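Readers should treat all values here as calculations from the given coordinates under stated rules, not as data from a laboratory. If you're wondering where the values come from, they're calculated on a predicted model, not measured in any experiment. Note that each Cβ is placed from the backbone with ideal geometry, even for glycine, and that neighbours are counted across all protein chains shown.
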Amino acid sequence: MSYFKIALLIFLFVSESSLIQAQSIVTKEYHDNRFTPQEIGLPDNMPYVKSIIWGEEGIFRKLDIGPDTRVEELQLRRKMLKHHQWIGILTLAGLAYQYDVGKKLYDGDDSEYWDNHYDLHKAMGYFTYATYMTGASLSIFAPPARKYDDNFSSIKFHRAMAVLHFSAMVAQPFLAKKAVEDGKRYNDLMDAHLKAGTVAFFALSLDALGITFFK
Amino acid sequence: MKKLIFILFFQFLFSQTMPVKIDLEESFISYDGKHPAHNWTGISKEIKGSFIFDKDQPILSKVDLYVPVFSFDSKNSNRDSNMLDVIEEYFYPSVGFISSSIIKKEDKYYINGMIFFHGIKKEVNLPVDFIVDNDTIIVDTIFDINLSDYNIKRPSLLTIKMKDKIKITFHLVGKI
């Protein structure tokens with residue numbers, strides 16, 4: 001056999017082998033790289049409140065509060081938001097009861113009902129206030145998510161409604177306390193207390209519906 | 001010997017196996033998630049990897065594709081972040097598929113291979129449709145996966161978990 005034929009045979013064999021090899025595509029390194037976690041940083045478009053707390057120059061960074069790694073931050077966030085959901089449901093149930101009892105106390109002339117429910121309403125007020133603020137804190141102080149965008153979605157609706165029910169929840173106990181202290185303005189302040197309670201309850205209900213049913 | 005050289009030469013010269021250049025504008029992979037309260041779709045256009053197509057014998061084609069899970073967008077960053085959390089994207093950044101064989105049954109192609117997701121490998125058999133039009137190939141497949149098969153804890157909304165089964169739609173447009 002001539003050298004030319006041998007060379008041609010080797011060339012064709014090697015060419016085809018390399019073509020077949022090329023088709024098997026995956027080197028181990030190439031395969032592993034795609035499944036190797038990359039370092040995760042802070043997200044873009046962090047909400048303002050989040051960046052004040054958790055931004056690179058955020059308060060928690062300066063005070064060295066929170067987990068050491070971003071992965072641990074994300075795991076902590078998940079736990080905090082799970083509790084935020086449960087506490088939110090509990091608060092909504094409490095507020096529904098509070099709204100019903102509060103309205104009856106406000107509207108009714110039944111002194112027996114007043115005697116039986118006033119203390120309960122007050123105690124439940126402390127309870128719902130505590131659960132609400134705990135739930136809100138879990139959301140506000142949770143480490144930042146992986147992603148933030150500018151789309152209008154259920155979470156944007158949730159944040160907008162939160163401004164409303166948070167303001168109402170802050171105002172409610174303050175108005176009730178002032179009404180008890182200031183006899184002259186009792187009726188006006190109790191009116192305002194009821195309105196704040198109504199806003200808090202309906203805004204939180206609407207919020208829960210929005211986060212559940214909106215995409 | 002002449003015959004062997006002849007066969008090898010022509011096989012080399014007229015090999016119809018070619019890499020497909022994926023059109024990232026047109027191609028996508030999506031998942032349809034379901035919850036009793038609402039349904040949603042997350043889409044990614046970041047299909048990476050390689051697809052070698054054999055025009056004459058499609059069963060000799062090879063697929064090795066993956067998608068960074070971060071790239072899935074459901075138009076709700078909070079939901080996307082939750083999904084990234086439950087699939088532990090910080091440990092398992094990609095979902096991938098590598099073919100092992102392709103078979104043809106009654107004019108329908110099925111691609112056997114391995115899905116890599118959440119650190120778990122699972123063998124699957126996917127029905128595939130494809131159209132070749134001049135230098136363009138369009139590949140479509142729709143299939144379901146169970147999140148529990150990949151050891152993923154389903155996220156919940158108001159204590160109700162999303163459905164375990166999600167529908168995957170894969171649409172690839174490429175140049176050959």
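Give me A:Asp109, B:Asp80 ranked fewest to most by other Cβ atoms within 10 Å of their Cβ, as a rough exposure proxy. Show your work: numbers first, answer last.
Working: A:Asp109 6, B:Asp80 25.
By the 10 Å Cβ count, ascending: A:Asp109, B:Asp80.
Mind listing the phi-derived Karplus ³J(HN,Hα) values for the stretch A:112-128, rounded to whole Hz, using 6.51, -1.76 and 1.60 with θ = phi - 60°, and x for any glycine or proline?
5, 4, 4, 4, 7, 10, 4, 5, 5, 4, 5, 5, 5, x, 4, 5, 5
Mind listing the phi-derived Karplus ³J(HN,Hα) values for the stretch A:195-202, rounded to whole Hz, using 6.51, -1.76 and 1.60 with θ = phi - 60°, and x for any glycine or proline?
The phi angles translate into 4, 4, x, 5, 4, 4, 5, 6 Hz.
Quick one: length gained pulling A:Ala96 to A:Lys122 fully straight, 0.36 nm per residue minus the C-alpha distance?
7.9 nm
Calculate the translational D of the protein assembly as shown in whole µm² s⁻¹ from Stokes-Einstein, where the hydrodynamic radius comes from the Kirkwood formula applied to all Cα pairs, the temperature is 37 °C and the viscosity 0.692 mPa s.
Answer from the Stokes-Einstein relation: 129 µm²/s.
Rounded to the nearest 0.05, what FRET efficiency do A:Tyr48 and B:Glu123 give with R0 = 41 Å and r taken as the Cβ-Cβ distance? Could you check?
E between A:Tyr48 and B:Glu123, to the nearest 0.05, is 0.30.
Mind checking the mean number of beta-carbon atoms from other chains within 10 Å of the Cβ atoms in B:48-55? Each step should come with its number before you reach the end.
Numbers: counts 1, 5, 5, 1, 5, 0, 1, 0.
Across the residues of B:48-55, the mean count of other-chain Cβ atoms within 10 Å is 2.
May I ask which of A:Lys195/B:Lys75; A:Lys147/B:Lys153; B:Lys108/B:Lys153 have a Cα-Cα span longer than 26 Å here? Walk me through the numbers before you get to the answer.
On the way: A:Lys195/B:Lys75 35 Å; A:Lys147/B:Lys153 20 Å; B:Lys108/B:Lys153 35 Å.
Where the Cα-Cα span goes over 26 Å, the pairs concerned are A:Lys195/B:Lys75; B:Lys108/B:Lys153.
What distance in nm separates the two pseudo spin-label positions at B:Thr159 and B:Lys21, each 7 Å out from Cα along the beta-carbon direction?
5.7
Put +1 on the Cβ of every Lys and Arg and -1 on every Asp and Glu Cβ in the protein assembly as shown; which of A:Phe60, A:Pro143, B:Phe51 then has its Cα farthest towards the positive end of the dipole?
Checked the options; the winner is B:Phe51.
Could you state the angle between the C-alpha long axis of helix B:77-86 and the longest principal axis of the C-alpha atoms of chain B, as a value from 0 to 90 degrees rounded to the nearest 10?
It is inclined by approximately 80 degrees.
In 10 Å bins starting at 0, how do the alpha-carbon pair distances of the stretch B:62-176 split up by percent?
The calculated distribution, bin by bin, is 12, 40, 31, 14, 2, 0.
Exposure proxy check: A:Tyr97, A:Tyr106, B:Tyr31 ranked by fewest other beta carbons within 10 Å?
Least crowded to most crowded, the residues run A:Tyr106, A:Tyr97, B:Tyr31.
What are the aspartates and glutamates whose alpha-carbon lies under 13 Å from the alpha-carbon of B:Lys45, with same-chain residues fewer than 8 places away excluded?
Filter leaves B:Asp23, B:Glu25, B:Glu26, B:Asp73.
Considering only DSSP states other than H, G, I, E and B, which GluC sites (Glu not before Pro) in the stretch A:53-150 qualify as loop sites with at most 15 other Cβ atoms within 10 Å?
A:Glu56, A:Glu57
Please arrange A:Trp114, B:Trp40, A:Trp54 by how many other C-beta atoms lie within 10 Å of their C-beta, fewest to most.
Ascending number of Cβ neighbours within 10 Å: A:Trp114, B:Trp40, A:Trp54.
Averaged across B:79-85, how many Cβ atoms of other chains sit within 10 Å of each residue's Cβ atom?
6
Give me the orientation-averaged projected area of the Cα convex hull of the stretch A:68-213, in nm², one decimal. Don't jump to the answer; show the numbers that get you there.
Working: hull surface 41.1 nm².
Dividing the Cα hull surface by four gives the mean projection, 10.3 nm².
Return a whole-number percent for the relative contact order of chain B, with Cα pairs under 8 Å and 6 or more residues apart as the contact set.
23
Measure nothing but the geometry: give the 0 to 90° angle between the long axis through the Cα atoms of B:2-13 and the longest principal axis through the Cα atoms of chain B, rounded to 10°.
40
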